[in-house]
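Shown next, in C-alpha cells, is the structure this report addresses.
Rule-based calculations on the coordinates, nothing more; no lab input. Quantities reported herein were computed from a predicted structural model and do not represent experimental measurements. Every residue, glycine among them, receives a Cβ derived from its backbone with ideal geometry; neighbour counts consider all protein chains shown.
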Amino acid sequence: MERMIIFCMIFFCSSMALTAAPHKITKYKQLLKTINLLEITVKDKDVELLHTPENPVDECLSTAATCFQKGILKLQPENSQVNSTVTQAIKVLRRFTLSHPGKCESSCESYEKKNPKEFLKSFAKLIQKVI
Amino acid sequence: GVECVLFNEEYMTCVWGSRETLTANYSLYYWYENRSPVVECKQYLQDRGVSIGCHFNQSEIIQFQPFHVLVNASLGGRTLEIPSERMELQDLVKPEAPVNLTIRNMSSNQLQLTWSSPYPRAHCLQHAVRYKSNKDTSWTVRAPWIRHPYGCARGRAVHQHPRHGDYEKYYTFYVRSKINSYCGSTQLWSEWSVPVVWGSNSTSKGMVEEQLHWFWIHMVLIPVASCLLLLVLVVLLVRMERVWVILMPRIPNPSKNFDELFITHNGNFQEWAGVPKDFMESFKPNYSENICYVSELPTKESYEPRWEGSNHPPSVMPGSPAAPQEHSPYKNSYVGA
C-alpha cells in the first residue's frame, strides 16, 4: 500500500514537471505579445532614456532581466486613451526575472541609455533568446 | 553585400557572389561584437576554383550577438574591401523543410495532414500548407499562425473529400516552415517539403468497372438480402405460437363465463344463482284483496247563515228550539216536559 502511494506521488510530481516546461514558453510568448503592444502605446519623445542591455552574454542574463524590470516601471503611455493598456502591460512585465549561473561583470547602469522603443525592442530580443 | 543563412541552426553559409560575377581572390573575416577577435574563415566554398562563400560550423555560430563580416578581394596586388556588415544571426535562420507528411481521413469530408520538423525548437515555427487537386489550375496556400509549445510541430488542414463518384481526383500537399516572431524576425521560409498525395491516381477502365461492381453490391444485393431476412423472420413469427403470443398476447374475454347465464338460463339471474324454488314461491301472494274506495262526507255547520255587521249572535230562547227549521225526533218529548 505504501509503495503504491509513493509511486503515485512520484508519478504525479513528474507529470507536473513535464507540464511545467511548456508553461514557461507560453508565459514568454505572452510577455512578447505584451511588449509588442507596449511598443505602439508608449510615449517615445520627451521621456527619460532607459538603460538598455543590448545582447547580454549568458552570464549577464539575470542582471539584464532586472535592468529591464526597473526600466519598465518608467514607461509612460502616449495618451490618456491607452493609459489602462499601458498600466496593465507594465504590471505583467515587471515581474519578469531570469536566473542564470555565472557572475556578470556589468551592472545595469553600465548599459547605454536609449529611448523607450529601442528599450522595448531589446527586451523583446532578450525574450526571443530564452524562449 | 554578403548574404548569410543559418540552415536549421546547424551550419551557416555566407556567400558574396557567384562564379560569373567574381574574378578576384576573396577572403572573409568575421567577429562577434565585443566578444571575439577577428578570425578568418576556416572553410571556404569553392566554385570551379573561385571562393564564393564561407561555411561556418555550429560551434562558430552564436545567436543574439551582433555578427560582423568583412570580405577582402585581392586582384593583381590591389585589395578591395567589400563593406562590412553587421547582422544578428537569429534573424537569418532557415529551418529545414518538414518531413513525415501523412494524411488521414477524419470524417466524411475532412482530411488531416500532419508532419514533423527536424528543427529542434518546434514552438519557434510557423507553417504554410500548399495543395491542389489534379483538376485545379492553381495552388491553394494556407498559412495560419500555428503555435505549439512543445513536441512535434503538427498541423491540420481541413479539406473537402472528393465526392463518391469522383474517383479520378487526387490531391497533392506540400508544407514549409519559418521561424515565427517568438524566436526571431526572419522572412526566410524553408524549402517546400516532399509532397504527399491523397486519392486515387488511376483513370483506367478497370477502376470504373470496379466502382460499378461496388454499386451493384450496394444497391441490389444488400436490399434483396435484407428483404429475404425480413421474410424469414416474419414466417418464423407466424408459425411459432410461442413467439406470436409474445407479440400478440391473448386478450382475456370474460363473456364465456357468462354464457350459462345468458344462454342456458335466458337471463334469469335467480335461476342461475341457485336461489331455492320455495323461497321464490314465498314471495308470490296467495290471497286476493278488494280495493276499498275512500271519500269525504259533507257536514251541517256549513249551512248556518252569517250575520254581517252585527256583534251579537242570535239569542237562543230557552225552551224554544234553536232553529225553526230543525226537525228533531225529540221535539214532542221536549214540549211535554
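Just to check, using Stokes-Einstein with a Kirkwood Rh over alpha carbon pairs, what's the diffusion coefficient of region B:207-247 at 37 °C and 0.692 mPa s in µm²/s?
Stokes-Einstein gives a translational diffusion coefficient of 269 µm²/s.
Based on Cα atoms of region B:174-294, Rg over Rh with Rh as the Kirkwood radius reads 1.73. Computed from Cα positions, the angle between helix A:83-93 and the longest principal axis of chain A comes to roughly 50 degrees.
For region A:10-86 versus region B:232-273, the inter-centroid distance based on Cα atoms is 91 Å.
One equal scatterer on each Cα of region B:2-91, no solvent, Debye formula: the resulting log10 I(q)/I(0) at q = 0.15, 0.26 Å⁻¹ is -0.54, -1.45. Taking amide H as placed 1.01 Å from N in the peptide plane, B:Tyr119 has its amide H under 5 Å from the amide H of B:Glu96, each at least 5 places away in sequence or on another chain. Cross-link partners of B:Lys42 among lysines, defined as those whose alpha carbon lies under 25 angstrom from its own and excluding same-chain residues fewer than eight positions apart: B:Lys94. Which whole-Hz couplings ³J(HN,Hα) result when phi for each residue of region B:259-270 is put into the Karplus expression 6.51 cos²θ - 1.76 cosθ + 1.60, θ = phi - 60°, listed in order with x for Gly and Pro? Those phi angles translate into 4, 4, 5, 7, 9, 5, 9, 6, x, 7, 5, 5 Hz.
Annotation note: GluC sites (Glu not before Pro) in region A:31-111 located in DSSP loop regions with a Cβ neighbour count of at most 10 within 10 Å are A:Glu105. Applying the Karplus relation 6.51 cos²θ - 1.76 cosθ + 1.60 with θ = phi - 60° to region B:49-54 yields 3J(HN,Hα) values of x, 10, 6, 10, x, 10 Hz, where x marks Gly and Pro.
In a DSSP loop and with at most 16 other Cβ atoms within 10 Å, the trypsin sites (Lys or Arg not before Pro) in region A:70-120 are A:Lys74, A:Arg94, A:Arg95, A:Lys103. Taking A:Asn115, A:Asn79, A:Asn36 as the candidate residues, the one with maximal mean-square fluctuation in a Gaussian network model of chain A, Cα springs under 10 Å, is A:Asn79. Taking R0 as 45 Å, what FRET efficiency do you get between B:Glu241 and B:Ile263 from their Cβ-Cβ distance, rounded to the nearest 0.05? That gives a FRET efficiency of 0.90.
In chain A, the longest principal axis of the Cα atoms and the axis of helix A:116-130 are about 20 degrees apart.
Over the C-alpha trace of chain A, radius of gyration and Dmax come out as 18.6, 69 angstrom.
Under the criterion of Cα pairs below 8 Å and six or more residues apart, the relative contact order for region A:24-131 equals 47 percent.
Using the Cβ-Cβ distance between B:Arg142 and A:Met4 with R0 = 35 Å, the FRET efficiency computed as 1/(1 + (r/R0)^6) comes to roughly 0.10.
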